[in-house]
1. Could you run through the stretch 124-135 and say how many residues are touching a strand residue (DSSP E or B) at 6+ places or on another chain (Cβ under 9 Å) and under 14 Å from L92 (Cα atoms)?
2. Considering only helices (runs of 4 or more DSSP H) fully contained in the stretch 91-181, which possess at least 1 residues that are in contact (Cβ under 8 Å) with a residue 40 or more places away in the chain and of a type in the set (F, W, Y)?
3. Test A79 against the stated conditions and say whether it is open to solvent by less than 60 Å² (accessible area, probe 1.4 Å), in contact (Cβ under 8 Å) with a residue 60 or more places away in the chain, among the small types (G, A, S) and touching an Asp or Glu at 6+ places or on another chain (Cβ under 9 Å).
4. Could you please tell me which pairs satisfy a Cβ distance under 6 Å, a separation of 6+ or placement on different chains, a first residue in the stretch 60-74 that is more than 13 Å from Y34 (Cβ to Cβ), and a second residue that is assigned to a helix (DSSP H, G or I) and not polar (S, T, N, Q)?
5. Take the stretch 27-55 and flag every residue that is under 12 Å from A75 (Cα atoms) and either without any contact (Cβ under 8 Å) to a residue 60 or more places away in the chain or open to solvent by 30 Å² or more (accessible area, probe 1.4 Å) (or both).
Amino acid sequence: MIRTVVFDFGQVLASGTGVIEEASALLDVPPDDYARVYWAGRTAYDAGASDADYWTPVLAALGKPTTPEMVDRLARLDAQLWAVMRPEARALLRDVRAFGRTVAVLSNAPFSVDLAFADADYAQDADLWFVSASMGIVKPNPAIYTRVEEGTQTDPEEIAFIDDNALNVAAALRAGWKAHLWVSDADSRAWLVGIGALPPQ
């Protein structure tokens, strides 16, 4: 039986609308140029690098002043935009909990986004939050799945996981979890019903 349902955050629960567009407009650079440098160092940022360590090279690569004020402004904007949960996704979290399952979020995200999660009005809709920066490891490192098992006190075969990254899903399957590649909120709901983590609709 599935006892714990683990959700990725970015895309799975939140669309990240405006993450590229609003920041590139702020910096007055083409969105494609911003996106290229934005993703280049993201893994290290998600693993716990500081705002300055991540945003300073981003600004320098775009030919923009690397001031502490701009670093702080970009970090805050980025966290704010990533932390907007879709209403349909929030309803899914609540329905899974109402069905008696533990709900956890496992997200590759920096400290700035972790702080935004803690302040969000949906923070209590998940029983446990596992954020890579605070753990010092990122998906798909096998150790991060072990940490979730320990934190939720759940055996691998009793965990269901939804993520939009195929590598993360594959790693969860290797860990013994049931795992599903995210498509949409409706698809997530249907999959969870199919494995008994939600009641039939």
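The values are calculated or read from the model by the stated rules, or taken from the named source; none is laboratory data. All values derive from a computational prediction rather than experimental measurement. Backbone-built Cβ (ideal geometry, glycine too); neighbour counts: all protein chains shown. For accessibility, only protein heavy atoms count, side chains too; no ligands or nucleic acids. Shrake-Rupley method; radii C 1.70, N 1.55, O 1.52, S 1.80 Å.
1. Qualifying residue count, the stretch 124-135: 3.
2. Numbers: elements: 111-119, 132-135, 142-152, 166-174.
Counting at least 1 such residues, we get 111-119.
3. Values: open to solvent by less than 60 Å² (accessible area, probe 1.4 Å): yes; in contact (Cβ under 8 Å) with a residue 60 or more places away in the chain: no; among the small types (G, A, S): yes; touching an Asp or Glu at 6+ places or on another chain (Cβ under 9 Å): yes.
Here the answer is no, as A79 does not meet what is asked.
4. T66/L59; T66/A60; V71/D51; V71/A52; V71/W55
5. Y38, S50, D51, A52, D53, Y54, W55
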